[in-house]
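Readers should treat all values here as calculations from the given coordinates under stated rules, not as data from a laboratory. Treat the numbers as computed from the prediction; the structure is a model and nothing was measured. All Cβ positions, even for glycine, are placed from backbone atoms using ideal geometry, and neighbour counts span all protein chains on display.
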Amino acid sequence: MAKRKFKAESQKLLDMVINSIYSQREVFLRELISNASDAIDKIYYKALTDDSLTFDQSSYYIKLIPNKDKRTLTVIDTGIGMTKEELENNLGVIAKSGSHTFKSENEIKDGHDIIGQFGVGFYAAFMVADKVTVLTKSIDSEEGYKWVSQGSDGYTITPIEREEVGTEIILEIKENEDEENYDEFLDEFKLKQIVKKYSDFIRYPIKMDVTESKLKEGTEDEYEDVIEEQTLNTMVPIWKKNKSELTDEDYQNFYQEKHYGFDQPLRHIHINVDGTVRYNAILFIPEQAPFNYYSREYEKGLELYSNGVLIMEKCADLLPDYFSFVKGMVDSEDLSLNISREMLQHDRQLKIIAKNIHKKIKQQLLSLLRDDREKYETFFKAFGQQIKFGVYSDFGQHKEELQDLLLFYSSKEKKLVTLEEYVSHMPEDQKYIYYASGDSNERIEKLPQTEIVADKGYEILYFTDEIDEFAIKMLMKYQEKEFRSVSSGDLGIEEDNKEEEKEETESHNELFKAMKEVLGDKVKDVRASKRLKSHPVVLSADGEISLEMEKIINAMPD
Ligand code: ADP
Ligand code: MG
């Protein structure tokens with residue numbers, strides 16, 4: 001039996017495309033500009049193999065013309081144009097992508113890469129327009145054509161007189177309704193913003209005549225409206241440039257332009273990978289934590305671009321929580337996108353990129369620590385807590401990865417030290433890595449518990465963050481050395497005193513018994529200690545949990 005083709009109810013399909021694919025209306029412009037860019041790319045490819053054609057980059061552009069009076073927005077391109085057949089196939093058949101066919105027919109790889117693939121983007125125009133007119137002339141045709149549609153009721157194609165090769169798309173922008181306002185799509189300022197947001201790195205200039213109020217020549221306070229053609233997009237993305245061409249200032253400008261933060265980033269990381277998954281990335285380690293960083297409102301993530309077109313503003317999957325402070329962007333040609341191009345089809349490529357990025361961030365932090373201690377301390381002041389949370393969270397899965405990034409205040413060095421530094425300072429006979437917890441360094445310094453350890457000449461790490469001790473409990477050891485609180489019952493330094501302590505306790509049995517009775521539940525035991533020098537008593541903890549941790553745990557809501 002002959003197989004029959006599925007028929008789609010095109011009206012319904014179109015409705016679906018228009019109303020349910022995209023979460024934001026403004027992406028219609030991204031889609032039209034991407035198509036225009038593809039159309040110019042196609043001439044470029046044609047010129048590669050066709051000697052009769054030359055590709056002079058400067059004569060190719062995209063132009064936006066908003067007209068408030070006529071309520072139209074026109075998108076012009078000097079691209080390859082469409083023949084009558086192409087109009088029918090590509091704009092008459094939903095989900096038919098001429099660009100996809102073009103790519104597979106021409107085996108295009110590297111560099112210039114065409115964006116289109118699903119054959120639905122064009123119809124996004126109907127999210128903002130009642131009627132769309134396309135005027136076009138193909139490089140392969142003598143005649144021009146006009147395609148007109150009001151959406152679901154179909155389209156017409158008629159021949160027209162047209163000199164120049166290329167395409168002009170005229171959108172008749174919808175009238176405002178109750179809550180819905182479409183005026184912004186006729187507004188120069190808003191259009192500029194949309195272009196900057198999604199299409200800043202399209203390779204060809206996106207132009208618009210912009211009206212600006214300027215000081216009248218020869219006057220001091222008289223202004224006049226001047227119309228000036230401006231290029232709205234940056235075109236060459238900084239991440240595609242050669243690292244050697246770029247200065248620190250270029251990266252800083254990019255950071256500010258992209259509004260990643262108001263501070264000066266401490267470091268940038270520029271990555272170009274040409275491996276199984278190709279991608280470019282520019283990442284920044286900020287200097288200051290954003291005001292909402294340690295709150296639920298803070299959203300981590302990197303900008304994700306596919307071929308220079310913005311796909312996602314905050315791709316959270318690219319950053320683990322413990323590096324959530326990193327800002328920046330990733331651009332890849334190898335992402336498989338879903339139809340709205342807002343999400344990814346498979347996350348395999350993304351996972352590879354994410355893994356790669358984690359490694360680079362860690363390397364960069366370690367190199368900052370090694371080469372510029374002062375900057376690293378600035379970093380740690382802002383984001384150290386997050387690193388400690390990272391050590392503690394997910395049952396310590398990332399502790400190995402993060403342990404060398406930790407800094408703690410040292411009793412001996414009187415400054416922040418790494419665990420590696422601590423261990424390298426340890427005398428032969430020192431068994432443990434000692435720490436003491438408290439509200440501030442000053443208060444810890446006065447703790448009677450620190451005395452015996454300090455007296456032995458051992459270094460003590462001061463824990464003043466609530467998370468410190470939890471993180472260290474998760475670490476347990478560093479380079480085979482266990483962590484030990486100075487308030488622990490067993491400090492590993494007083495073996496020779498054990499007997500004496502026992503005798504002393506027995507000989508004052510009556511006194512200690514009386515003390516225990518008075519203190520009741522508050523203590524488990526009272527005994528003599530050789531630990532004390534200038535202080536008469538010390539509280540010490542026997543179990544796994546120190547006194548400080550006990551305080552925090554007791555303060556937690558049940
Ligand atoms: P996609 O870009 O994913 O292919 P679209 O719906 O955006 O899907 O466009 C469908 C097809 O229409 C494109 O693949 C291309 O062949 C053709 N097309 C759209 N806009 C233009 C244009 N400005 N110039 C030339 N061809 C175009
Ligand atoms: Mg498209």
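Treating the angle as unsigned and between 0 and 90°, give the value, to the nearest 10°, between the Cα long axis of helix 27-49 and the longest Cα principal axis of the chain.
The two axes meet at around 70 degrees.
Compute the convex hull volume of the Cα atoms of the range 57-109, divide it by the residue count, and report the result per residue in Å³ as a whole number.
Hull volume normalised by residue count: 138 Å³.
Let a ≥ b ≥ c be the square roots of the eigenvalues of the Cα gyration tensor of the range 196-333; is it rounded (a/c under 1.5), or, if not, prolate (a/b larger than b/c) or oblate?
Details: a/c = 2.22, a/b = 1.61, b/c = 1.38.
It is prolate, given that a/c is not under 1.5 and a/b is the larger ratio.
Pairing the Cα long axis of helix 248-257 with the longest principal axis of the chain, what angle in degrees results, from 0 to 90 and rounded to the nearest 10?
70
Under the classification rounded if a/c is under 1.5, otherwise prolate if a/b is larger than b/c and oblate if not, where does the range 11-101 fall, given a ≥ b ≥ c as square roots of the Cα gyration tensor eigenvalues?
It comes out oblate by the Cα gyration axes.
Just from the alpha-carbon atoms, what are the Rg and Dmax of the range 267-349 in angstroms?
Answer for the range 267-349, Rg first and Dmax second: 13.3, 38 Å.
Give the angle, between 0 and 90 degrees and rounded to the nearest 10, that separates the Cα long axis of helix 498-507 from the longest principal axis of the Cα atoms of the chain.
Orientation of helix 498-507: about 60 degrees from the principal axis.
With no solvent and one point on each alpha carbon, what is the Debye value of log10 I(q)/I(0) for the range 22-160 at q = 0.11, 0.14, 0.15 Å⁻¹?
Debye output, listed in q order: -0.41, -0.67, -0.78.
Report the Cα-based extents of the range 394-514 along its three principal axes, largest first, to the nearest Å.
Computed over the Cα atoms, the extents are 52, 31, 31 Å.
For the range 400-459, just run the numbers: alpha carbon Rg, then divide by 2.2 N^0.38 Å, N being how many residues it has.
Computed over Cα atoms of the range 400-459, the ratio equals 1.14.
When all alpha-carbon pairs of the chain are counted, what percent fall beyond 37 Å?
Details: 79398 of 155403 pairs.
Value for the chain: 51 percent of Cα pairs lie more than 37 Å apart.
Note down, for the range 308-385, the three equivalent ellipsoid semi-axes (square root of 5 times each alpha carbon gyration tensor eigenvalue), biggest first, whole angstrom.
Details: eigenvalues 178, 29, 21 Å².
For the range 308-385, the ellipsoid semi-axes come out as 30, 12, 10 Å.
Placing +1 at every Lys and Arg Cβ and -1 at every Asp and Glu Cβ, with all other atoms neutral, what dipole size does the chain have around its Cα centre, in debye to the nearest 20?
1420
Jot down the radius of gyration and Dmax of the range 327-431, Cα atoms only, both in angstrom.
Cα radius of gyration and Dmax of the range 327-431 are 18.6, 65 Å respectively.
Cβ neighbours within 10 Å, averaged per peptide: list 59-70, 320-331 in order, most packed at the top.
Ranking the peptides 59-70, 320-331 by packing returns 320-331, 59-70.
Please report, in cubic angstrom per residue, the volume enclosed by the convex hull of the alpha-carbon atoms of the range 226-291.
Details: hull volume 9.6 nm³, N = 66.
Normalising the Cα hull of the range 226-291 by residue number yields 146 Å³.
Given Cα positions, please report Rg to Rh for the range 151-217, the hydrodynamic radius being the Kirkwood one. Provide the component values of the computation, followed by the final result.
Values: Rg = 17.0 Å, Rh = 16.1 Å.
Taking Rg over the Kirkwood Rh, I get 1.05.
If you count, for each residue, the other Cβ atoms within 10 Å and average over each peptide, how do 47-54, 230-237, 120-127, 263-270 line up from highest to lowest?
Details: 47-54: 10.0, 230-237: 16.6, 120-127: 22.8, 263-270: 18.2.
Per-residue Cβ counts within 10 Å, averaged per peptide and sorted highest first, yield 120-127, 263-270, 230-237, 47-54.
Per DSSP helix of 4 or more residues, -39500 (n - 2.57); summed, then divided by the residues of the chain. What does that give at 222 nm, rounded to the nearest 500?
-9500 deg cm²/dmol
Could you state, as a whole-number percent, how many of the C-alpha pairs of the range 242-399 are farther apart than 21 Å?
Roughly 46 percent, once rounded to a whole number.
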